[in-house]
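Below you'll find the structure, written out as C-alpha coordinates, and then a few comments.
The values are calculated or read from the model by the stated rules, or taken from the named source; none is laboratory data. Computed from a prediction, not measured in an experiment: that's the story for all the values here. As a convention, Cβ positions derive from the backbone with ideal geometry for all residues, glycine included, and neighbour counts pool all protein chains shown. Note: areas computed on protein heavy atoms with side chains; ligands, DNA, RNA excluded. Shrake-Rupley method; radii C 1.70, N 1.55, O 1.52, S 1.80 Å.
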Amino acid sequence: MGHELVYLSLGSNIGDRARNLNAAIDRLRAFGEVAAVSSFYETEPVEFPAQAWFLNCAVALDTEKTPRQLLAGILDIEQQLGRRRGQEKGPRIIDLDILLFGNSIIDDPGLTIPHPAMHERRFVLEPLAEIAPDALHPALQRTIRELRGALPPGPEVRKTS
(Lines give C-alpha, C1' and ligand atoms only; values in the text may rest on other atoms or scores of the structure.)
Protein backbone atom coordinates (compact mmCIF):
# COMPACT_ATOMS: atom_id res chain seq x y z
CA MET A 1 0.00 0.00 0.00
CA GLY A 2 2.91 2.38 0.66
CA HIS A 3 2.82 5.79 2.26
CA GLU A 4 -0.14 8.13 2.27
CA LEU A 5 -0.29 11.71 3.43
CA VAL A 6 -3.27 12.08 5.72
CA TYR A 7 -4.73 15.31 7.06
CA LEU A 8 -6.52 15.35 10.38
CA SER A 9 -8.51 17.92 12.34
CA LEU A 10 -8.05 18.05 16.12
CA GLY A 11 -10.20 19.94 18.60
CA SER A 12 -10.66 20.37 22.35
CA ASN A 13 -12.83 22.58 24.54
CA ILE A 14 -12.47 21.03 28.00
CA GLY A 15 -9.61 21.42 30.48
CA ASP A 16 -6.13 22.38 29.27
CA ARG A 17 -7.00 22.44 25.60
CA ALA A 18 -3.47 22.98 24.27
CA ARG A 19 -2.20 20.12 26.41
CA ASN A 20 -4.98 17.87 25.10
CA LEU A 21 -4.08 18.72 21.49
CA ASN A 22 -0.36 18.15 22.11
CA ALA A 23 -1.05 14.83 23.84
CA ALA A 24 -3.09 13.66 20.84
CA ILE A 25 -0.38 14.80 18.39
CA ASP A 26 2.23 12.85 20.39
CA ARG A 27 0.10 9.72 20.24
CA LEU A 28 -0.41 10.08 16.48
CA ARG A 29 3.33 9.41 16.09
CA ALA A 30 2.55 5.75 16.77
CA PHE A 31 0.84 5.65 13.36
CA GLY A 32 3.40 7.43 11.23
CA GLU A 33 5.44 10.58 10.93
CA VAL A 34 3.84 13.86 11.92
CA ALA A 35 4.86 15.92 8.88
CA ALA A 36 3.21 19.23 9.85
CA VAL A 37 1.13 20.81 12.59
CA SER A 38 -0.76 24.06 12.10
CA SER A 39 -1.00 26.88 14.61
CA PHE A 40 -3.67 26.44 17.26
CA TYR A 41 -6.88 28.39 16.55
CA GLU A 42 -9.53 29.67 18.94
CA THR A 43 -12.86 28.77 17.34
CA GLU A 44 -16.40 29.66 18.17
CA PRO A 45 -18.52 26.52 18.70
CA VAL A 46 -20.92 25.73 15.87
CA GLU A 47 -24.18 23.73 15.92
CA PHE A 48 -24.19 23.65 19.73
CA PRO A 49 -23.27 27.20 20.80
CA ALA A 50 -23.82 27.02 24.59
CA GLN A 51 -20.36 25.68 25.36
CA ALA A 52 -16.76 26.83 25.70
CA TRP A 53 -14.73 27.84 22.65
CA PHE A 54 -12.62 25.18 21.00
CA LEU A 55 -8.93 25.09 20.31
CA ASN A 56 -8.45 23.50 16.88
CA CYS A 57 -5.50 22.54 14.71
CA ALA A 58 -4.70 20.52 11.61
CA VAL A 59 -2.06 17.80 11.38
CA ALA A 60 -0.39 16.15 8.40
CA LEU A 61 0.54 12.51 9.04
CA ASP A 62 2.69 10.37 6.74
CA THR A 63 1.41 6.85 7.36
CA GLU A 64 1.54 3.30 6.05
CA LYS A 65 -1.69 2.41 7.86
CA THR A 66 -4.94 1.78 6.04
CA PRO A 67 -7.82 4.21 6.61
CA ARG A 68 -9.56 1.62 8.83
CA GLN A 69 -6.43 1.02 10.91
CA LEU A 70 -5.96 4.76 11.37
CA LEU A 71 -9.61 5.23 12.34
CA ALA A 72 -9.28 2.50 14.98
CA GLY A 73 -6.10 4.20 16.19
CA ILE A 74 -7.63 7.65 16.58
CA LEU A 75 -10.71 6.28 18.37
CA ASP A 76 -8.25 4.61 20.72
CA ILE A 77 -6.39 7.92 21.26
CA GLU A 78 -9.69 9.67 22.02
CA GLN A 79 -10.49 7.04 24.64
CA GLN A 80 -7.02 7.15 26.19
CA LEU A 81 -7.36 10.91 26.59
CA GLY A 82 -10.77 10.57 28.24
CA ARG A 83 -13.17 11.28 25.38
CA ARG A 84 -16.60 9.83 25.92
CA ARG A 85 -18.65 9.96 22.76
CA GLY A 86 -21.85 11.16 24.39
CA GLN A 87 -23.63 14.21 23.09
CA GLU A 88 -22.92 14.48 19.37
CA LYS A 89 -21.95 18.15 19.19
CA GLY A 90 -21.29 18.74 22.87
CA PRO A 91 -18.11 19.60 24.78
CA ARG A 92 -15.16 17.29 24.32
CA ILE A 93 -11.72 16.75 25.77
CA ILE A 94 -10.41 15.71 22.38
CA ASP A 95 -11.83 15.19 18.94
CA LEU A 96 -9.83 13.75 16.04
CA ASP A 97 -11.22 13.55 12.51
CA ILE A 98 -9.65 12.19 9.35
CA LEU A 99 -10.14 14.90 6.70
CA LEU A 100 -8.21 13.62 3.68
CA PHE A 101 -6.43 10.30 3.16
CA GLY A 102 -4.21 10.75 0.11
CA ASN A 103 -6.58 10.87 -2.86
CA SER A 104 -8.90 8.23 -1.42
CA ILE A 105 -12.66 8.55 -1.63
CA ILE A 106 -14.27 6.19 0.87
CA ASP A 107 -17.95 5.90 1.70
CA ASP A 108 -18.37 3.07 4.19
CA PRO A 109 -20.53 2.74 7.28
CA GLY A 110 -18.58 4.54 9.99
CA LEU A 111 -15.94 5.97 7.66
CA THR A 112 -16.39 8.71 5.07
CA ILE A 113 -13.30 10.26 3.46
CA PRO A 114 -12.98 13.10 2.59
CA HIS A 115 -14.75 14.20 5.77
CA PRO A 116 -18.30 15.01 4.60
CA ALA A 117 -18.56 18.42 6.30
CA MET A 118 -14.97 19.64 6.00
CA HIS A 119 -15.60 21.99 3.07
CA GLU A 120 -18.19 23.98 5.05
CA ARG A 121 -16.26 24.34 8.30
CA ARG A 122 -13.96 27.29 8.79
CA PHE A 123 -12.53 25.73 11.97
CA VAL A 124 -11.29 22.89 9.76
CA LEU A 125 -10.27 24.81 6.62
CA GLU A 126 -8.45 27.71 8.28
CA PRO A 127 -5.85 25.52 10.09
CA LEU A 128 -5.67 23.12 7.13
CA ALA A 129 -5.04 25.97 4.66
CA GLU A 130 -2.07 27.00 6.79
CA ILE A 131 -0.27 23.65 6.30
CA ALA A 132 -1.80 22.39 3.03
CA PRO A 133 -3.26 25.22 0.91
CA ASP A 134 -2.71 23.29 -2.32
CA ALA A 135 -3.98 19.90 -1.14
CA LEU A 136 -6.80 18.78 -3.41
CA HIS A 137 -10.20 17.65 -2.19
CA PRO A 138 -10.52 14.53 -4.38
CA ALA A 139 -14.30 14.58 -4.61
CA LEU A 140 -14.80 18.33 -5.13
CA GLN A 141 -11.58 18.76 -7.17
CA ARG A 142 -10.80 22.05 -5.44
CA THR A 143 -7.85 23.02 -3.30
CA ILE A 144 -8.14 23.74 0.40
CA ARG A 145 -7.33 27.40 -0.35
CA GLU A 146 -10.22 27.53 -2.85
CA LEU A 147 -12.63 25.89 -0.42
CA ARG A 148 -11.67 28.31 2.34
CA GLY A 149 -12.11 31.25 -0.04
CA ALA A 150 -15.62 30.07 -0.90
CA LEU A 151 -16.82 30.01 2.72
CA PRO A 152 -19.54 32.47 3.73
CA PRO A 153 -18.73 34.66 6.75
CA GLY A 154 -19.46 32.59 9.82
CA PRO A 155 -18.35 31.62 13.30
CA GLU A 156 -15.10 33.20 14.40
CA VAL A 157 -11.79 31.39 13.95
CA ARG A 158 -8.63 33.15 15.11
CA LYS A 159 -5.03 32.06 15.31
CA THR A 160 -3.53 32.06 18.81
CA SER A 161 -0.10 33.60 19.29
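Remarks
- Each Lys or Arg adds one and each Asp or Glu subtracts one; over the other residues with Cβ under 12 Å from the Cβ of Gly102, this totals -2.
- Cα→Cβ-extended label distance, 7 Å offset, between Arg142 and Val46, nm: 1.3
- Choice from Leu125, Leu111, Leu147 showing the highest fluctuation, given a GNM over the chain with Cα pairs closer than 10 Å: Leu111
- Within-14-Å neighbourhood charge of Val6 [Cβ basis; K, R +1; D, E -1]: -2
- Comparing Leu100, Leu128, Leu81 in a Gaussian network model of the chain (Cα springs below 10 Å), the most mobile by mean-square fluctuation is Leu81.
- Mean separation of Cα contacts under 8 Å (6+ apart) over length of the chain, as relative contact order %: 30
- Here each label is just a point 7 Å from Cα along the line to Cβ, and for Val34 and Leu111 those points are 2.3 nm apart.
- GNM flexibility winner over the chain from Arg27, Arg142, Arg122 (Cα, springs under 10 Å): Arg142
- Each Cα pair under 8 Å and six or more residues apart adds its separation to the average, and for segment 66-161 the resulting relative contact order is 19 percent.
- Average accessible surface area per residue within the chain, 1.4 Å rolling probe, Å²: 50
- Under 15 Å from the Glu64 label point (7 Å along Cα→beta-carbon), backbone N, segment 1-31: 1-5, 30-31
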